[in-house]
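Worksheet for the structure shown next.
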C-alpha cells in the first residue's frame, strides 16, 4: 500500500513539473527564411567604412551570385546555399601563394575560402559577418556588415529629352580651390602645374611606403554630364568616380583587348563596346553622363558605353547609397596622371 501511494505521488509530481514547464517555457518555433527572400541586389556597408555589393539569383537549377567586397572587382561567388532555416552562406575562394622560387614563380599555392553568414532582419535588410582564415592558419579574422536591397534599375532614360542646368567649372587651373582629400591623414600628391591638375605619387625604393590620397570635390551632385581631359603616362592608372560611387577607369590600356577594366570602362561592371583610347602620354577627352542609374561614356569622341544600366557601386566607392548626391573624386593612390578642363553640367529634374 505504501509503495502504491509513493508511486502515485511521484506520478503527480512529474505531471505538475511538466505542466509548470509548459506554462513558463513556451517553445517559440524558429521562423524559416525562404531562399527567394535573399534574391536580388544588395548594397552593403562594411564595418570600418568600406562598401560592398551582392547579387543572389536563381541560375537554372542552382543558386548563384556575384559579390563586391570593399575594393577590387565584382566577382562570382564560389558557392552559395541556405544553411538551416535562416542563414545564407556565401563562400569566396582566393588563391594564395605560399612559397616562390628565386624567380618569384609560385611553388606552393593554397585555395583559402572566406565565408559570409547572412540573415534577414525584421526590417527586411540583411546583416551578417564575414570570416576569413588567417594566412598562418592560426585563427580567423571577422568583420560585420549590414545591407539594403536595391530596387530594380529603371528603364534607360531618353537622353535627348534631358534638361541641363548651368555648367560648373570644377578646376580653376590655378589651385585646389573646391577640392579636398577624402582622407586628410594621407599624403597629398596633387598640385597644379601650368594650369594642369597633376598627381605624382612618388615612392622611393627602400623607403617606407607612402599612402597617397584621393581628391574629391567639396560639392556634391545628383545626375549630370561631366567632361574633362586626362593624360596617363605609360603603365599608369587612375579613375574618375561619378558621385563618389561609380569609377570610370583611367589607365594606359592602348591596344589591349576589350575589358571592363580598360580606359573608359565602368570598373569591372561595364565593358566598352569599342577601343577608343590613345597611346600613353597623349591628352584624351572623356565625356560621361550619369542619369537614372545609367551611364554613357564618350572617349575621344567615340561612344564606348551607350546609356547602360549600372547595378551597384564599384570598388573603392565612398558610399553604398546609389540615390544620394555625391562628389566627383579622382583616384590618386595608383600612379601619375594629369587632368584639365573639368566641367560638370547638372541634369535638372
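Put simply, the chain fits an ellipsoid with semi-axes of 51, 26, 20 Å; these come from the alpha carbon gyration tensor as the roots of five times its eigenvalues, largest first. Compute the label zone of residue 306 within region 264-300: residues whose backbone N is under 11 Å from the point 7 Å along Cα-to-Cβ. Counting backbone N atoms under 11 Å from the label point, the list is 273-274. With the simple model of a label 7 Å out from the Cα in the direction of the Cβ, residue 188 to residue 149 spans 4.5 nm. Highest mean packing first, where packing is the average number of other Cβ atoms within 10 Å per residue, the peptides 155-163, 171-179 line up as 171-179, 155-163.
Both radii come from the Cα set of region 35-149: Rg as radius of gyration, Rh as Kirkwood radius; their ratio Rg/Rh reads 1.03. Computed per residue of the chain from DSSP H runs no shorter than four, each worth -39500 (n - 2.57), the mean residue ellipticity at 222 nm is -2500 deg cm²/dmol. Counted by neighbouring Cβ atoms within 10 Å, the residues 221, 329 run from fewest to most as 221, 329. FRET efficiency for the residue 87 to residue 200 pair, using the beta carbon distance and R₀ = 51 Å, is estimated at 0.60. Relative to the longest principal axis of the Cα atoms of the chain, the long axis of helix 2-24 lies at roughly 20 degrees.
Computed from the coordinates by the stated procedures, all read-outs in this text should not be read as laboratory data. Treat the numbers as computed from the prediction; the structure is a model and nothing was measured. No Cβ is skipped: glycine too gets one built from the backbone with ideal geometry, and neighbour counts run over all protein chains shown.
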